[in-house]
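Written out below as structure tokens is the structure these notes cover.
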Amino acid sequence: MLSQFTRSLSCFVKPTPPKLNKLTRTMTVLPKILQDARPKVSPELDYSTYSNYQNFKINHTDLNLNISFDDSIVNGFVTFNLNKIDKSCNEIRLDTSFLTVDSVEIDDAKVDFQLKDRLEPLGSQLIINPPTATSLNNEFNLKLGFSTTKDCTALQWLNGEQTSSGKPYVFSQLEAIHARALFPCFDTPSVKSTFNAAITSTLPVVFSGIEQSVVDNGNGTKTYNFKQSVPIPAYLIGIASGDLVSGEIGPRSKVYTEPFRLKDCEWEFSGDVEKFIQAAEKIIFPYEWGTYDILVNVNSYPYGGMESPNMTFATPTLIAYDKSNIDVIAHELAHSWSGNLVTNCSWNHFWLNEGWTVYLERRIVAAIHGEATRHFSALIGWNDLANSISAMKNPDRFSTLIQNLNDGTDPDEAFSSVPYEKGFNLLFHLETILGGPKEFDPFIKHYFTKFSKKSLDSYQFFDTLFEFFADKREILDAVDWETWLYKPGMPPKPKFITTLADNVYSLAEKWATEIKNGNTTEDDLKQAFTAADIKDFNSNQIVLFLDTLVQNKEIQWNNHHTAAKTLLKIYEDSIVKSRNAEVVFRTYRFEITAQLKESYPQLAEWLATVGRMKFVRPGYRLLNSVDRPLALATFEKLQNIYHPICKALVKQDLEA
Ligand SMILES: [Zn+2]
């Protein structure tokens, strides 16, 4: 593991920007539209926090936590080591949300504090009046005793009924503003510190850091000690505890999961994760975090994943039993550079985290599967973006690339595909006009080196871009920045290589034509189509194929049972036998659209095995659309295996 890492380090040559004389360097002025929109303070202040983080330098954070499954609470202490850097500041203000704060000490002496009334959505401000000892630039320790409450939005508690092992499970999800619901903190991506964590539980614990030791307390609990030596913001803290075991999947990687799933996870990830890490290292620079592990969560984990440093949290639907879903890991891995090392300073600039991550994810995928795959993935992303914007209740407000949440709007409300896909498209556009990856790659290395372990806003990104490409100024000046950054709606469409998509569209079109021409018997169709048609399709192409068939309004599949069944028979190996959740879900959608009755109980059975909201909610909606009694009976039977948020949303969907 170590030699692997050292070898890549020695290959790494620190990139340097093109030579600029001092005058040019200091005189880089952005185009007027960018200059006019530039915030007064750089990086822009974060308005999604009640903390006065800008008055302090936070050096280190210690977490000392107890997990109580019996009471569904976490309690303990957090200790910040910090310096005051603003002379005029005479109080410490922190974020909390649904927390009980029991005690506050500065350098071991109790101090007064006041918990303000809760204001939605940012929570309850904690005001601490420090003694004069916390004078300017003096380092001091601030220690707070606290406990989470039943309203906690940071943790999800599952009982034994909701896990496969029959043991309880807890996991955190802190992005964007829920760290304050786990412990009092400066809850802003602008503040980074190193962390130590000592977490006590009756069940194994994983954390966003590297495990140092495990101490048996002799009372049925163990204390798990972790260290995160790269400074990170509070939202990246990740904690999970449950019946977890681990196995190796690469020279610096392990997978953690429930015992029954370990073998499948090891098989699914072995070898490939290291390939991804090495591909990313070539594009950016060596992986800085030491280990890269993956937590495959319990079935009722409702999300897709979260990039906790050292420990990616993943949905079990990634396990496709044929490695066909593994590219999703490229996204979470890419966050090890974009987001986790170089971080948006506030959620207004979330595209710096997610747009860059999607860009890097697709570069990693291209390094392994080729350029056509990158473009295909970008095209799918483009369609997602169009769907997401057209489904928005308030697109004028939330579909601009740079957001304005300075009025205290909940960042969760602004969450959509826009920072991901519009952000990707801007970077892809810049890469293209500046001369392709060969010209753009030195900039990638320069940008990530310059802002490593820092938080920045979009304007600092543009400063760096314009400075680096000073010799291509006319090209950058010609970009329609207003449309890209400040206008709602779709951005200008880049030119994608469409080979992989064209193959899919022409096959779907051929099916439509045969059916429209009345060639709908099994014999007719078996003459026109064979399994070889899609043998070489990757899983994303199969997904697009099934989506295209269902979306074709000219073909009423429910009037063509034989054709639908024949299609599934011909492509049985690639479609029906797939265990990739993305393909399985689309297959059910195709069958339900064609009203193939034998698929209804099969879909009901599948809904007992997945908990990811992306599949559970539309799964119930589909079943409800063709067999409401079965949908209701299935939900009645299964509701308690789902995550509480998922359960509430499905219930709501079924009532409508
Ligand atoms: Zn992401």
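Computed quantities for the displayed model
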| quantity | calculated |
| --- | --- |
| With every protein chain in place, region 135-179: carbon and sulfur % of accessible area (1.4 Å) | 42 |
| Reachable lysines from Lys116, criterion Cα separation under 30 angstrom, eight or more residues apart if same chain | Lys40, Lys57, Lys84, Lys87, Lys143, Lys150, Lys192 |
| Straight-distance crosslink candidates among aspartates and glutamates, where the alpha carbon sits under 13 Å from Lys553 and sequence neighbours closer than 8 are dropped | Glu509 |
| Segments 72-79, 432-439 sorted - mean Cβ within 10 Å per residue, highest first | 72-79, 432-439 |
| Debye-sum result for region 278-383 in log10 I(q)/I(0), which assumes one identical scatterer on each alpha carbon, at q = 0.12, 0.13, 0.22, 0.24 Å⁻¹ | -0.42, -0.49, -1.35, -1.46 |
| Cα-based Rg and Dmax for region 499-604, where Dmax is the largest Cα-Cα distance (Å) | 12.7, 37 |
| Per-residue HN-Hα couplings for region 246-259 [Karplus 6.51, -1.76, 1.60; θ = phi - 60°; Hz; x = Gly/Pro] | 9, x, 6, 10, x, x, 10, 9, 10, 10, 10, 6, 5, x |
| The chain - share of DSSP beta bridges that are antiparallel (%, nearest 5) | 80 |
| Calculated from backbone phi, Karplus (6.51, -1.76, 1.60) coupling profile of region 262-270 in Hz, x at Gly/Pro | 4, 4, 4, 5, 4, 5, 4, 9, 3 |
| Probe 1.4 Å - accessible area at His375, Å² to nearest ten | 20 |
| Helix axis angle, 499-516 relative to the chain longest principal axis, alpha carbon, degrees | 40 |
| Within region 559-636, trypsin sites (Lys or Arg not before Pro) in DSSP loop having at most 15 other beta-carbon neighbours inside 10 Å | Lys577, Arg579, Lys597 |
| Under the Karplus curve 6.51 cos²θ - 1.76 cosθ + 1.60, θ = phi - 60°, whole-Hz ³J(HN,Hα) for region 415-426, x wherever Gly or Pro sits | 5, 6, 6, 4, x, 6, 8, 5, x, 4, 5, 5 |
| Value of Rg to Rh for region 122-207 (Rh from inverse mean 1/r over Cα pairs, i.e. Kirkwood) | 1.04 |
| Distant-in-sequence amide H partners of Lys254 (H built 1.01 Å from N, under 5 Å) | Ile249, Tyr292, Asp293, Ile294 |
| Extended-chain gain in nm, criterion 0.36 nm per residue less alpha-carbon gap, Lys393 and Asp407 | 3.2 nm |
| Mean Cβ neighbour count within 10 Å, used as a protection proxy, ranking 164-174, 336-346 highest first | 336-346, 164-174 |
| Amide N of region 85-100 lying under 16 Å from the label point, which is placed 7 angstrom from the Cα of Asn137 along Cα→Cβ | 85-89 |
| Qualifying trypsin sites (Lys or Arg not before Pro) for region 138-190 [loop in DSSP, other Cβ within 10 Å: at most 10] | Lys150 |
| Surface accessible to a 1.4 Å probe, per residue, for the residues of region 499-655, Å² | 48 |
| Tail weight of P(r) past 12 Å, computed on alpha-carbon pairs of region 410-458, percent | 72 |
| Size-normalised alpha-carbon gyration radius of region 185-240, reference 2.2 N^0.38 Å | 1.23 |
| Pairwise centroid distance, computed over Cα atoms, of region 179-246 with region 31-45, Å | 37 |
| Cα-projected label distance for Lys516 with Asn552, points at 7 Å along beta-carbon direction, nm | 0.9 |
| Translational diffusion of the chain, µm² s⁻¹ [Kirkwood Rh, Cα pairs; Stokes-Einstein; 4 °C; 1.567 mPa s] | 49 |
| Angstrom value of the Kirkwood radius, inverse mean 1/r, which spans all Cα pairs in region 156-295 | 16.6 |
| Of Lys577/Lys597; Lys516/Lys577; Lys227/Lys647, those spanning more than 26 Å from alpha-carbon to alpha-carbon | Lys516/Lys577; Lys227/Lys647 |
| Neighbour-limited loop hits for trypsin sites (Lys or Arg not before Pro), region 367-414 (at most 13 other Cβ within 10 Å; DSSP other than H, G, I, E, B) | Lys393 |
| Measure of compaction for region 568-656 (Cα Rg per 2.2 N^0.38 Å) | 1.05 |
| Inter-label distance, nm, simple model (7 Å from Cα along the C-beta direction), Ile127/Lys110 | 2.1 |
| Whole-percent carbon and sulfur share, accessible surface of region 499-655, 1.4 Å | 48 |
| Pairwise FRET efficiency - Lys487 versus Thr28, Cβ, R0 = 22 Å, nearest 0.05 | 0.35 |
| Reference-scaled alpha-carbon Rg (2.2 N^0.38 Å with N residues) for region 220-305 | 1.21 |
| Computed Kirkwood radius, in angstrom, where 1/r is averaged over Cα pairs of region 30-71 | 14.8 |
| Accessible-area order (highest first, 1.4 angstrom probe) of the listed residues Glu514, Glu509, Glu474 | Glu474, Glu509, Glu514 |
| Accessible area (Å², per residue) of region 101-219, counting only protein heavy atoms and a probe of 1.4 Å | 41 |
| Normalised contact order of the chain, rounded percent, pairs of Cα under 8 Å and 6 or more residues apart | 12 |
| Label point 7 Å beyond Cα of Lys227 along Cβ direction - residues of region 276-305 with amide nitrogen under 15 Å | 289-291 |
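The values are calculated or read from the model by the stated rules, or taken from the named source; none is laboratory data. Quick caveat, the model's predicted, so the values are computed rather than measured. With ideal geometry, Cβ positions are generated from the backbone for all residues, glycine too; neighbour counts draw on all protein chains shown. Accessible surface is based on the protein model in full, side chains and every heavy atom, while ligands, DNA and RNA are left aside. Shrake-Rupley method; radii C 1.70, N 1.55, O 1.52, S 1.80 Å.
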